[in-house]
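The values are calculated or read from the model by the stated rules, or taken from the named source; none is laboratory data. Small disclaimer: the values here were computed from a predicted structure and weren't measured. Virtual Cβ from ideal backbone geometry, glycine too; neighbours counted across all protein chains shown.
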Amino acid sequence: MEPNSPQAGKNRSNTGLLLLVVLLLISNVVMLWLLMQRGKEVEVGQQQVAALETRNEDVLGMLERTLNSYDSLQTENDTIRQELELQKQQIQELMDKVKSGNYSLAKAKKEAETLRSIMKNYIAQIDSLNRANQELTAEKQQLTQELGEEKAQKQALATEKEALAGKVAKGAVLHTTTISAGALFVRNSGKQVDTERASKAEMIKCCFTLGENKVTDAGDKTLYMRVISPDGKVLPTNEGNNRFKFNGVEGEYSAKRDVNYQNQPLDACVFWTGGEELRTGQYIVEIYEAGSLVSKANFNLK
């Protein structure tokens, strides 16, 4: 067959076409392989991005839980409260850095763990302070109760002492076993004579016997006599100042006398010699000592 024959040209053309087809097949295989490799790279990238997002969320979740834990801590200690606020501020700043994506997650996670460790230390401090406060509160309540009981005991003792003092004071008041009162006139001979006639009466006499009293102090005693006339007035003494205190008030007396009392029965008389004309009716005579009523009597003048 001649080289330039039609059959030779046709063979060369078929060979070239076959070669082109083979080249196209090889090119397609290469392109397919490249596409598969690219798909794998994209998948790996997506997995890496997902893992990074998961780590990001984990760190943010840890920081969020730590911040909530700090918010739940309650204390009345001003120093610890200020320190807690600073720690919360650091957590918030760290969260902002993580959200921005420009901060190392490994470093952020390490700092978050450090902040959680610090928080546990604060929890221990606050628990210790709370226990101490509870103990102090219990001690205060116990002390308040003891003080209340002591105050109640003191009040009871004071009441008892006051009652005892009242009994002693009451027991110290003198009393009479006998008492009598009446009017007198004086004869020319100087003899004093009892009378029931107001027109003749010149003096009033009250005689009594002070009974035995071992409670009151022995010694000089001043006895005050008040003579109350039928019109309710106190007969005046001939002394300038005739006022004294009795039964918690101040009033007038008609006469007084000093006696020496030695805790034994003692007879005594007190005389009114005011010189005032007496009227008819009932007279009341009262004897006082140390501001308390000792005894009283009454008589009538016609």
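Which one of these is at positive phi and under 60 Å from the mean Cα position of the chain (by Cα): 232, 240?
Details: 240 fails: at positive phi.
From the options 232, 240, the qualifying one is 232.
Looking only at residues in the range 167-180 that are of a type in the set (A, V, I, L, M) and modelled with pLDDT of 80 or more, which one is surrounded by the most Cβ atoms within 10 Å (Cβ to Cβ)?
Looking at residues that are of a type in the set (A, V, I, L, M) and modelled with pLDDT of 80 or more, I get 174.
Need pairs with beta-carbon distance below 9 Å; first residue farther than 16 Å from residue 281 by Cα and touching a residue at least 12 places away in the same chain (Cβ under 8 Å) and within the range 191-205, second among the aromatic types (Phe, Trp, Tyr) and buried (at least 17 other Cβ atoms within 10 Å of the Cβ); sequence gap 6+ or separate chains.
205/272
Residue by residue through the range 259-269, note down the ones that are part of a strand (DSSP E or B) and farther than 14 Å from residue 208 by Cα. Full working, then the answer.
Just the residues of the range 259-269 that are part of a strand (DSSP E or B), to begin with: 259-261, 266-269.
The answer is 260, and nothing else.
Among 259, 227, 270, 249, which is out of contact with any Leu (no Cβ under 9 Å at 6 or more places or on another chain) and in the same structural domain as residue 185 (by TED's automatic domain parsing)?
249
Does residue 183 count as under 29 Å from residue 254 (Cα atoms) and either at pLDDT 70 or above or not in a loop (DSSP other than H, G, I, E, B) (or both)?
On the way: under 29 Å from residue 254 (Cα atoms): yes; either at pLDDT 70 or above or not in a loop (DSSP other than H, G, I, E, B) (or both): yes.
When the stated conditions are applied, residue 183 passes them.
Kindly check whether there is at least one residue in the range 252-264 that is modelled with pLDDT under 90 and exposed (fewer than 13 other Cβ atoms within 10 Å of the Cβ).
First, pick out the residues of the range 252-264 that are modelled with pLDDT under 90: none.
No, the range 252-264 contains no residue that is modelled with pLDDT under 90 and exposed (fewer than 13 other Cβ atoms within 10 Å of the Cβ).
Considering each of 102, 130 in turn, give the residue that is modelled with pLDDT under 80 and not in a helix (DSSP H, G or I).
102
Identify, from the list 164, 157, 143, the residue that is among the aliphatic types (A, V, I, L, M), at pLDDT 80 or above and not assigned by TED's automatic domain parsing to the domain that holds residue 296.
Just one listed residue meets the conditions, 143.
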